[in-house]
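Working notes for the structure below.
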Amino acid sequence: MAAATPSSLASSVEKTNGAKLSRLLIDGGTAVLRKCFNTFHPPTKLAAGLSSHFTTLHTLFKKKVLRLAQWDQLFPPSGDPPDSKEFDITLLFLLLTNMCGLTPPSSGWHAMPPISDTSFEANLARMKFFRNKLYGHVSTTGVEMSVFLSLWRDISAVLVDLGFDQVEIDRLEVEHSGEEDYIDLLREWSESEEDTWSQLRDIRNFQIQMHEDVADLRQNQKEDQKTLEDTKSKLEKLSHCQAKTLEAVEEMQVGIEEFKQVAEYEKKKREDHWEVEALKNLAKVDFRGDIEYHAQRFQEGTREWIFRQMDEWLDDKSSENRVMVISGNAGMGKSVISAVACKRMQKAGRLSGSHFCQHNNVRYRNPQLMLQSLACHLTHTLPEYKEALVEKLSRNLGVPLNSMGVEELFALLLKEPLNAVKDPGRNILMVIDGLDESEYQGRNELLDVVGKHFFKLPKWIRFLVTARPEINITESLKHLQPIHLNQKQEENLSDIKRFFQLRLGKQLEQEHKNVLLDKLVQRTE
């Protein structure tokens, strides 16, 4: 009769060797790798360390290097903090080699390093190598004694180098296991057999009770199904009602929006009407023709010393002087200077209005007309001023502007609305030419306003005023430090000489040119 084939599950010395190597590598290796990992990421700071390497770990997870179960250990779905005590040897190796700043040995992480390399990284690679050797593609858990002794020596050396206690390794090596353990286990099973039968009877009783509970549950499910159907029907009705309500709300919103648009349109119409009503009585004079006429008489290259002073004064935001006065006798070119200043400031976007008084035009000499005209010019360059002026005039509807005194009109049209306007960021200019010719009905009220009240306007609104040096004008404007145009003034003579030089230069013989120019200048005196 043939001998029976030994069972593949029968115990043996070889399988005992395999069990001991497993305990040495898995239990001992896991413990020592956890200890090493904790030195890099202490348990109290583990969550922060994992979060800081989230991108690296998530990449490993997407590549399926990290399994879902391992990912949940690193970032528990429950929100509890991670615990390195839950990490197995595979996960600990992945964390050490990917988030601890270690440099792979020369042979890499997946091959046995040379014996000469005793670095920490090399020992980590050896641990992975031994693990793969014991569990990768093996057909039995048994290990030959010679192989066991060799692996035991090599694995023990690596564990000790990584910090594991040699005493625990020696204790495991001499520990009883195998058949003796199995016999003790069978004895315990035998002694607990009666308890097992008792537990089986309890399980049977539990199953009976479970059947009864399932029957009750099915009945409850039927009742719940009916309740669910009723609820679903009610929800459908509610959804239909909500849809109608939403449609009504949308229609109402459209109506409200249309009403707002109509209200805005009506408001704009009223505001435009108020604006037209408020401004329609403002007199305005357009001096563009006068400006062009006087500007054509200007000789380029002259009077630049005056324009430089004007530019410096206009750009000086700290200057307390709101008015620049150019004083000179008839024929000194004051109106030409005013016209050129208007054109230059218009080009620079800094001209807000102008008025040219004329002794032969009573209307232009009217101070009320001039103030209204300047205010009207300002409304075209300063929208904020326009709003403030309309508000002021709206409160004075029915009061004729021409019946108001000059000072009262100055306060209403200029001082009050301009002081309500924000600084536009740079000074702007208004030009008044021929202030001496603004005498109206035997009085020069505008002169008093310029001399006594212009300083009350904001610093950023400036006035260029020209006038003859008459006694009353000189006295009223002396505190404004006027620029006097004197016929014998050096700058004036230089301008006259340059004028003749530019106009007659080509017609004069070169050798007598300067002598003739000097004589022409003397004749003008």
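The values are calculated or read from the model by the stated rules, or taken from the named source; none is laboratory data. Here the structure is a predicted model, which is why all the values come from computation and not from measurement. Heads up, the Cβs are rebuilt from the backbone with ideal geometry, glycines too, and the neighbour counts pull from every protein chain shown.
Assorted remarks:
- Annotation note: of L68, L94, the sole residue that is free of Cβ contacts under 8 Å to residues at least 40 places away in the same chain, among the hydrophobic types (A, V, I, L, M, F, W, C) and surrounded by fewer than 15 Cβ atoms within 10 Å (Cβ to Cβ) is L68.
- Odd one out for P82, checked against (1) modelled with pLDDT under 90; (2) farther than 30 Å from S146 by Cβ: (1)
- Every test in (1) farther than 17 Å from L414 by Cα; (2) small (G, A, S); (3) modelled with pLDDT under 90 is passed by S394 save one, and that test is (1).
- When residues of the range 327-348 are limited to those that are without any contact (Cβ under 8 Å) to a residue 12 or more places away in the chain and among the small types (G, A, S), the one surrounded by the fewest Cβ atoms within 10 Å (Cβ to Cβ): G331
- Matching entry among L124, L91 (being in the same structural domain as N38 (by the TED database) and farther than 18 Å from V160 by Cβ): L91
- Filter pass, K343 being modelled with pLDDT of 90 or more and either in contact with a strand residue (DSSP E or B) (Cβ under 9 Å, 6 or more places away or on another chain) or hydroxyl-bearing (S, T, Y) (or both): yes
- Flag if H58 is surrounded by 15 or more Cβ atoms within 10 Å (Cβ to Cβ) and farther than 23 Å from I26 by Cα: no
- Qualifying residue in the range 37-52 (condition: over 39 Å from the mean Cα position of the chain (by Cα), modelled with pLDDT of 90 or more and buried (at least 17 other Cβ atoms within 10 Å of the Cβ)): yes
- Out of R297, R308, R303, sole residue that is among the basic types (K, R), surrounded by 21 or more Cβ atoms within 10 Å (Cβ to Cβ) and farther than 23 Å from L378 by Cα: R303
- Check on F75, within 39 Å of the chain's Cα centre (by Cα) and in the same structural domain as D165 (by the TED database): yes
- Only residues that are among the charged types (D, E, K, R) and within 16 Å of E292 (Cβ to Cβ) were counted across the range 318-374, and they come to 3.
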